[in-house]
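S.K.: Mind having a look at this structure? Questions to follow.
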């Protein structure tokens, strides 16, 4: 009996070890069906990066993620050579399934790694209105600056006005997110997503009347939870703006700067 009990416990432990870490993707009203054949990269709330290798979930560092992507690209290339790999990378879609509680900086690091691998087609995993998983995007990679097109520009900046102590990282047992968020839209500050929706509607109407181009930009603070960024991105899509720029956040490179910011992330 004792031997059977030990065997059962070992079997349960084995199943638990094989189970992928939980990722709760944020909701989005404009979710589309998942892309077929996409390379799936998951990010947990506490910063773990998970990919699939030989049908099993595997936790990797940011460096190993780059190698994993390079391997996927090489296998999908039609022939050897850098040109063929570059073509395969440009044709590949990466679906980023980030937990809604993960900070924006961690998601940005994944986008940066995809861009460094030559991938230009990314989509974000979200939960649709019926609870099914879908995608929102692709918005492309984050950039330090965006093209100046002239005329009317539509920019929504997400900033944290007050936050609780928050520490993210694989070594942490819990994650606490900023308590209050402010949506800054030009000279307007608001804390309700309804205000963002009205701003997008009014800005779109103004631009249409003046026949001016709109530049859709989101400028997240490094610690803003991913679900908040997705909420604003979803509102852009609701307003008919699918081409959205995500502004680049310059990360703290030195270890003491990361500790001061209380936002650790995997080193490169």
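Conditions tested, residue by residue: (1) farther than 20 Å from residue 243 by Cβ; (2) in contact with a strand residue (DSSP E or B) (Cβ under 6 Å, 6 or more places away or on another chain); (3) surrounded by 17 or more Cβ atoms within 10 Å (Cβ to Cβ).
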position: 35; (1), (2), (3): no, yes, yes
position: 38; (1), (2), (3): no, yes, yes
position: 61; (1), (2), (3): yes, no, no
position: 84; (1), (2), (3): yes, no, no
position: 90; (1), (2), (3): no, no, no
position: 105; (1), (2), (3): yes, no, yes
position: 108; (1), (2), (3): no, no, yes
position: 119; (1), (2), (3): no, yes, yes
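S.K.: A further question follows. For residues that are touching a helix residue (DSSP H, G or I) at 6+ places or on another chain (Cβ under 7 Å) and part of a loop (DSSP other than H, G, I, E, B), tally how many sit in the range 110-138.
M.R.: Here the count works out to 4.
S.K.: From the list 217, 177, exactly one residue is in contact with a helix residue (DSSP H, G or I) (Cβ under 9 Å, 6 or more places away or on another chain) and either modelled with pLDDT under 80 or surrounded by 15 or more Cβ atoms within 10 Å (Cβ to Cβ) (or both). Which is it?
M.R.: From the options 217, 177, the qualifying one is 177.
S.K.: While we're here: Give 65, 96 a once-over and let me know the one that is buried (at least 16 other Cβ atoms within 10 Å of the Cβ), closer than 23 Å to residue 231 by Cα, without any contact (Cβ under 8 Å) to a residue 60 or more places away in the chain and in contact with a helix residue (DSSP H, G or I) (Cβ under 6 Å, 6 or more places away or on another chain).
M.R.: Working: 65 fails: closer than 23 Å to residue 231 by Cα.
Going through 65, 96 in turn, the sole match is 96.
S.K.: Out of all the residues in the range 179-227, which are in contact with a strand residue (DSSP E or B) (Cβ under 6 Å, 6 or more places away or on another chain), part of a helix (DSSP H, G or I) and within 24 Å of residue 125 (Cα to Cα)?
M.R.: Hits for the range 179-227 are 196, 226.
The values are calculated or read from the model by the stated rules, or taken from the named source; none is laboratory data. Please read these numbers as outputs of a predicted model, since none were measured by experiment. All Cβ positions, even for glycine, are placed from backbone atoms using ideal geometry, and neighbour counts span all protein chains on display.
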